[in-house]
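Asks: My structure is below; once you've seen it, I'll send some questions.
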Amino acid sequence: MTRMCLTTSVLLPFAAGYYLSYLFRSINAVVATELAADLKLEAADLGVLTAIYFLVFAAVQLPFGAALDRHGPKFIQCVLLLVASTGALIFALADGLAGLVIGRALLALGVALALMAAFKAVVLWFPAGRVAAANSWVVMLGALGAVTATVPAEMMLTTTGWRGLFAALAGLSAMAALLVLLVVPDQVAATCKKRAADAENLWAAYRDCRFWRIAPLSAIGIGTSWSLQGLWVAPWLRDVDGLDRTAIVQYLAVMATAVCAGALLFGAMADRFRRISVKTELLLAATLSASIAAQAGLLLGGPVPSLVLWTVIAAAGAATVLSFAILPDYFPKQMSGRANAALNLLHVSAAFLLQSGTGFIIAQWPMTDAGYAPEAHQVAMAVGLCAQLVALGWFFLPRRQPAMRRVPASSFAATHTSLLTTPSKHIWRLRLHANHRDAGAWRLAATVSTVLCVTLGTLLWRAVDGTASGIRVTSAALARNAIESAGYLAVRIDHPLDPAQGRLAAANAPGTIVVWDANP
């Protein structure tokens, strides 16, 4: 089959399913305000409603992964996309939280296997040398769903409302199912009828120590990006940065574009670094470390524009390209699908916990007409940041290599004849090459860790230095409006406060509140 046929009959139809998966994952960030106003939902309700998507996602990964191996990606994808269409219709017709939860749960069920089905299809039909590149294109095209969930969704929202938007998405899901049914070629019977592995193989990934070295960092780091981009970035921009709806949608569009670009960039970088013997694990750690630094910059008020920081956080959501590129080095090809499902289960589970937990933390502060207090969002982000730092520390934790067991010489000779006949000089040359390769990889890791520590230290110093000279207000305009609405006079002083001026102001206007910048 030619490259063009593979693209049009395999890659694009399955990428359409992942496009819908990304769209449904991110759409609540745009419709959250309308949902809350129409159905009287609170922050905790929105958090649970959006996070139920990840909960269902996680629950079906392993059993659906086995079904994917048994029945093939074409049949499974068609059936599940019809389920997603049903869920979108139920969501559009819901008149309360219960109906929204049922609809969103069916949505999640319908697109839960979109990415895994696409990866399985790529393995079945694409040559081995083009699998990694094809996977990158699947992720990039799917991430366009996040782009659609910004300005295009906002335009349709103003025309049809959120109910009309989800009715249209129901029709789009049905069309995607029909596309897969009519365009994707049938598989070879032997491949399609191949039974799934037994429970021993199904859970083998979770017993591998190498898997658990990268899994916490990948799950928490990528899950944080999904959680923020899928819902909580919009309330943050509204409540903390004081942006209006138009600016928020523009931020979301830039972040969604960053995910698309990141997918292709990470795939190309992984291939390039492999050629120079740099492990993909270190590239994953560097990517998620940059996301951690960006979140710290948002919390501490660094000099970098917030749009840049949010773009870095969003791009880290495409690091799944790196995570799934690592697993083939750990597991044989015949269980790669189950290993991918095992890691994806942790991704969506972490996203569910982070997204719903953020809602419960923010709900501890009272809601006003303007939204929630900035401190609510900052505390929620700080909790997630701490979890990511722990996972990063676990990744870089030194591990002792298992000791080599002693075996009888006869047994060793029988099973390692080729090793005994290899010249010792060649063996030492191989060991020297491996040592040089590992040294280069860990030098890169040390450089990344140093940059991260210097960045965090700089931001922390700026925060401590700023609080020593005055009160740092996130938005001076918002602070002034809040103070004046309470009946006080807000005075902005752009130079160090003179004690005499302070006494004069207090004498002439009793009850005056003076607000000044931490860094005049």
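Asks: Could you order the peptides 55-64, 152-161 from most to least packed, using the average number of other C-beta atoms within 10 Å per residue? List each step's numbers first, then the result.
Replies: Working: 55-64: 19.5, 152-161: 14.8.
Ranking, from highest mean packing down: 55-64, 152-161.
Asks: Once neighbouring chains are kept in place and the probe is 1.4 Å, which whole percent of the accessible area of region 8-57 is contributed by carbon and sulfur?
Replies: Numbers: 810 of 1290 Å².
Its accessible area is 63 percent carbon and sulfur atoms.
Asks: Follow-up. Return, for the Cα atoms of region 17-167, the radius of gyration and Dmax in Å, separated by a comma.
Replies: Just the Cα atoms of region 17-167 yield Rg and Dmax of 16.2, 53 Å.
Asks: Just the accessible area per residue of region 1-158, please: how many Å² with a 1.4 Å probe? Write out the running numbers ahead of the final one.
Replies: Working: 5360 Å² over 158 residues.
Normalised by residue count, the accessible surface of region 1-158 is 34 Å².
Asks: What is the magnitude of the charge dipole of region 204-319 about its Cα centre, with +1 placed on the Cβ of each Lys and Arg, -1 on the Cβ of each Asp and Glu, and no other charges, expressed in debye to the nearest 20? List each step's numbers first, then the result.
Replies: Details: 9 positive and 6 negative charges, 102 e Å.
That gives region 204-319 a dipole magnitude of about 480 debye.
Asks: Also: Using the heavy atoms of the protein chains and a 1.4 angstrom probe, tell me the accessible area per residue for region 304-361 in square angstrom. Before the final figure, lay out the partial values.
Replies: Working: 1750 Å² over 58 residues.
So region 304-361 comes to 30 Å² accessible per residue, rounded to a whole number.
Asks: Still on this model: Could you compute the net charge surrounding Trp137? Neighbours are other residues with a C-beta less than 14 Å from the C-beta of Trp137; K and R count +1, D and E count -1.
Replies: Local net charge: +1.
Asks: Report the calculated FRET efficiency for Asp38 and Glu375 (r = Cβ-Cβ distance, R0 = 30 Å), to the nearest 0.05. Walk me through the numbers before you get to the answer.
Replies: Working: r = 28 Å, r/R0 = 0.93.
So the FRET efficiency works out to roughly 0.60.
Asks: Considering Cα pairs under 8 angstrom that are at least six residues apart, work out the relative contact order of region 17-120 and quote it in whole percent. Present the calculation step by step, with values, prior to reporting the outcome.
Replies: Numbers: 113 pairs, mean separation 39.4, N = 104.
After rounding, I find 38 percent.
Asks: Something else now. Does region 120-181 classify as rounded, prolate or oblate by the C-alpha gyration tensor (a ≥ b ≥ c root eigenvalues; a/c under 1.5 gives rounded; else a/b over b/c gives prolate, otherwise oblate)?
Replies: Details: a/c = 5.98, a/b = 2.07, b/c = 2.89.
Oblate.
Asks: Follow-up. Could you check the simple spin-label distance between Met367 and Leu181, using points 7 Å along Cα→Cβ, in nm with one decimal?
Replies: Label-label distance for Met367 and Leu181, simple model: 4.1 nm.
Asks: Provide the packing ranking of 370-381, 72-83, i.e. peptides ordered by the mean count of other C-beta atoms within 10 Å per residue, highest first.
Replies: Numbers: 370-381: 19.2, 72-83: 22.6.
Highest to lowest by the protection proxy: 72-83, 370-381.
Asks: I would also like to ask the following. Could you report the accessible area of Ser85 in Å², rounded to 10, computed with a 1.4 Å probe on the protein chains as they sit in the structure?
Replies: Answer for Ser85: close to 20 Å² accessible.
Asks: Where a ≥ b ≥ c are the square roots of the eigenvalues of the C-alpha gyration tensor, would you call region 290-363 rounded, which needs a/c under 1.5, or, failing that, prolate if a/b is larger than b/c, or oblate?
Replies: It comes out oblate by the Cα gyration axes.
The values are calculated or read from the model by the stated rules, or taken from the named source; none is laboratory data. Source: prediction; values computed, not measured. Please note: Cβ atoms are built from the backbone with ideal geometry, for glycine as well, and neighbour counts cover all protein chains shown. The area values use the complete protein model at the heavy-atom level, side chains included, leaving out ligands, DNA and RNA. Shrake-Rupley method; radii C 1.70, N 1.55, O 1.52, S 1.80 Å.
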